[in-house]
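In what follows, a single structure is set out as structure tokens and then discussed.
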Amino acid sequence: MSKHYFLAAVMFAASVLVTPAHAQDTPKKGAALKPAPGAAEALLVNWNEIGRKLIAMAEDFPEDKYDFKPAPSARTFAERLLHAAAANYFFTNVALGQKPPSEEDPKRDLFKSKADLVAYVKKSFADGAAAIKSKGDKGISGVVVDPFAQDVPEQAGRAQIRLSDLACSLVEHSGEVYGQLTVYYRVAGLIPPESRPKK
């Protein structure tokens, strides 16, 4: 019976200690709520966040391991980064009224150093962010021809997509590449930047 009283006392003490911390998170009565971001601003936050993570990996991964691959059939670390960065231009070019890239994957030998590749990754996300800002809420909701419709022969050149949805699909794509590169880190015996203890 005394165990039940002890358990009840511990639970009560824990609830008393937790309640003030939770109460601090609650907005004060009458305080104005921060408005939800517009469509372009919300998209920009997601675009920049996945860009930040991939740029951090590009800058962090040792240059002598840039051509590392976890399996013979896999792309190298550098090729995965190039693929993600190049894919961004399927959004950026379309958003700016230009033709989509003719190739999905630039050749690795075009990037002689780690610095060259890091600069390309940074530029691809900066260019996409600039395109999102230039479109604003109204423009980002516009409809464009889906640059990936060519992959579906019966829809080639005819499928339409909202510009915001195209951008979201590329944010997701970059997230997939990010997930793959965390595996590259682990197989290479390294810890990804986001998984390290915060200072």
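Only residues that are touching a residue at least 12 places away in the same chain (Cβ under 8 Å) and of a type in the set (S, T, N, Q): list them for the stretch 46-81, please. Hits for the stretch 46-81 are Asn46, Asn48, Thr76. Against the list (1) under 13 Å from Ala84 (Cβ atoms); (2) in contact (Cβ under 8 Å) with a residue 60 or more places away in the chain, the condition Glu172 fails is (2). Checked against (1) modelled with pLDDT under 95; (2) outside any helix (DSSP H, G or I), Gln150 meets all criteria but (2). Determine, yes or no, whether Ala84 is part of a helix (DSSP H, G or I) and either out of contact with any helix residue (DSSP H, G or I) (no Cβ under 8 Å at 6 or more places or on another chain) or buried (at least 16 other Cβ atoms within 10 Å of the Cβ) (or both). Yes; evaluated as a whole, the condition is true for this residue. Within the stretch 121-147, track down each residue that is surrounded by fewer than 20 Cβ atoms within 10 Å (Cβ to Cβ) and assigned to a helix (DSSP H, G or I). Scanning the stretch 121-147 gives Lys122, Lys123, Ala126, Asp127, Ala129, Ala130, Lys133, Ser134, Gly136, Asp137, Lys138, Gly139.
Condition check ((1) modelled with pLDDT of 95 or more; (2) under 14 Å from Trp47 (Cα atoms)) across all residues:
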residue	(1), (2)
Leu82	yes, no
Asn93	yes, no
Lys107	no, no
Lys114	yes, no
Lys122	yes, yes
Gly157	no, no
Ser164	yes, yes
Cys168	yes, yes
His173	yes, yes
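Of the residues that make up the stretch 88-111, is at least one surrounded by fewer than 13 Cβ atoms within 10 Å (Cβ to Cβ), part of a loop (DSSP other than H, G, I, E, B) and small (Gly, Ala, Ser)? Checked against the condition, which is being surrounded by fewer than 13 Cβ atoms within 10 Å (Cβ to Cβ), part of a loop (DSSP other than H, G, I, E, B) and small (Gly, Ala, Ser), the stretch 88-111 yields at least one hit. Filter the stretch 52-66 for residues that are part of a helix (DSSP H, G or I) and not aliphatic (A, V, I, L, M); which is farthest from the chain's Cα centre (by Cα)? Among those that are part of a helix (DSSP H, G or I) and not aliphatic (A, V, I, L, M), it is Asp64.
The values are calculated or read from the model by the stated rules, or taken from the named source; none is laboratory data. Computed from a predicted model, the values in this text were never measured in an experiment. Cβ coordinates were reconstructed from backbone atoms using ideal geometry, including for glycine residues, and neighbour counts include every protein chain displayed.
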